[in-house]
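All remarks here apply to the structure that follows.
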Amino acid sequence: MVIEKACAMQAIDRGFSGAFLSAIPDGAGFAQGLDRNARGFAELTLRAKESDRLRADFAPGDLRLLLVANAGIVANSPDAAASAAARRLVALLLQSLRAHPADPPEPLPPVLSQPPLAPPEDRNRRSAP
């Protein structure tokens, strides 16, 4: 799947996100390649919708949102955990993008142990003088 491969590339190559999500310079055929890829992805999403595999409200531009979310996961994960975290995020996202989600949902890939999120500080507590 395109999304799985792109997110896996982000986890492996930390420079991929910056290059993929940045503005493409005009010239040397970059704009033509970008247009060709955008048309190809739009066609892919259209076929997935027509086959009733992708939710009807998915837009090709949503791919950028998915990649930005994955880039955040990868950037904030240790190298060893980045691939596992990316696979888990992609599994969650793909389940939510299906036209007819599985019931029960497919099991998620495991994620390597990471420290839990710290609870927010009690805002009503006063600091000691």
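Numerical summary
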read-out	value
Check on Ala102, over 25 Å from Ser51 (Cα atoms), in contact with a helix residue (DSSP H, G or I) (Cβ under 8 Å, 6 or more places away or on another chain) and either in a helix (DSSP H, G or I) or modelled with pLDDT under 80 (or both)	no
Residue in segment 2-53 that is modelled with the highest pLDDT, counting only those that are exposed (fewer than 11 other Cβ atoms within 10 Å of the Cβ) and part of a loop (DSSP other than H, G, I, E, B)	Ser51
One residue from Leu93, Leu108, Leu89, Leu65 being exposed (fewer than 15 other Cβ atoms within 10 Å of the Cβ), under 16 Å from Cys7 (Cα atoms) and at pLDDT 85 or above	Leu65
Residues of segment 70-92 satisfying the condition of being closer than 21 Å to Pro107 by Cβ and out of contact with any helix residue (DSSP H, G or I) (no Cβ under 6 Å at 6 or more places or on another chain)	Ala81, Ala84, Arg87, Arg88, Ala91, Leu92
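The values are calculated or read from the model by the stated rules, or taken from the named source; none is laboratory data. Being a predicted model, the structure only gives us computed values, none of them experimental. All Cβ positions, even for glycine, are placed from backbone atoms using ideal geometry, and neighbour counts span all protein chains on display.
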